[in-house]
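To start, the structure under review is shown below, and the notes come after it.
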Amino acid sequence: EDQVTQSPEALRLQEGESSSLNCSYTVSGLRGLFWYRQDPGKGPEFLFTLYSAGEEKEKERLKATLTKKESFLHITAPKPEDSATYLCALKDTGRRALTFGSGTRLQVQP
Amino acid sequence: EAGVAQSPRYKIIEKRQSVAFWCNPISGHATLYWYQQILGQGPKLLIQFQNNGVVDDSQLPKDRFSAERLKGVDSTLKIQPAKLEDSAVYLCASSPPWATDEQYFGPGTRLTVT
């Protein structure tokens, strides 16, 4: 059974304090690893898709990386507007739907 | 481009009552998903449609939940009768045929069962 575990559950940073969020996973065959951002009262917003170990993608202050067992979302010099819940999800080769982790609640204080 | 539309945004019902949620996906998106997100958890797939056919409903509690997408466009998810544990946000998402790995989510319907 596919499994996604995210850590930490919650993270509080000062503005400008860089950090990383972890997503560890088990899957029979990985089709893709996805990162989403979710603001309170809203649906998840797509950020990145990673398909193979070693792949990296960047968007503004965010960079996502992938190994065979885990993915990291690196946040460089975060701003208060980066505060949100970040969700990791995977899609295996036998299924089209996403399996989500429980998310990391990030709070960036000015 | 308009996003995924859902209504109502909020619903409060008593247990054993019935409720229905509506979703209109992004125009041209053939794949439509319904997810359940319980507070503090990630979304869990309930059902996936490709056009008007069901692709995956393995996690749908079929004794009380039903969903349809009759014309391959908008969709309705129904719960009858509701239980306390159905309190959650119900999210609809859609994917375009040219990028099936990308899912675009609506704002969700927050259901409270008392």
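Every number here is computed from the coordinates shown, using simple stated rules; none is lab data. Quick caveat, the model's predicted, so the values are computed rather than measured. Positions of Cβ are generated from backbone atoms using ideal geometry, with glycine treated the same way; all protein chains shown enter the neighbour counts.
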Return only the number of the condition from (1) in contact (Cβ under 8 Å) with a residue 24 or more places away in the chain; (2) closer than 16 Å to B:Ala88 by Cα; (3) surrounded by 14 or more Cβ atoms within 10 Å (Cβ to Cβ); (4) of a type outside the set (Lys, Arg) that B:Leu32 does not satisfy. (2)
Any residue in the range B:40-67 that's on the phi > 0 side of the Ramachandran plot: show its pairings with residues that are surrounded by fewer than 16 Cβ atoms within 10 Å (Cβ to Cβ) at Cβ separation under 6 Å, as long as the two are six or more apart or on different chains. B:Asn51/B:Gly72
Mind counting the residues in the range B:64-114 that are part of a loop (DSSP other than H, G, I, E, B) and either more than 8 Å from chain A (Cβ to nearest Cβ) or over 18 Å from B:Gln6 (Cα atoms) (or both)? 20
Out of the range A:68-105, which residues are polar (S, T, N, Q) and either without any contact (Cβ under 8 Å) to a residue 40 or more places away in the chain or over 15 Å from B:Tyr33 (Cβ atoms) (or both)? A:Ser71, A:Thr76, A:Ser83, A:Thr85, A:Thr93, A:Ser102, A:Thr104
In this structure, does A:Ser28 turn out to be of a type in the set (Ser, Thr, Tyr), on the phi < 0 side of the Ramachandran plot and not in a strand (DSSP E or B)? yes
Might you check whether a residue that is in a loop (DSSP other than H, G, I, E, B) and closer than 15 Å to A:Ala97 by Cβ occurs anywhere in the range B:44-56? no
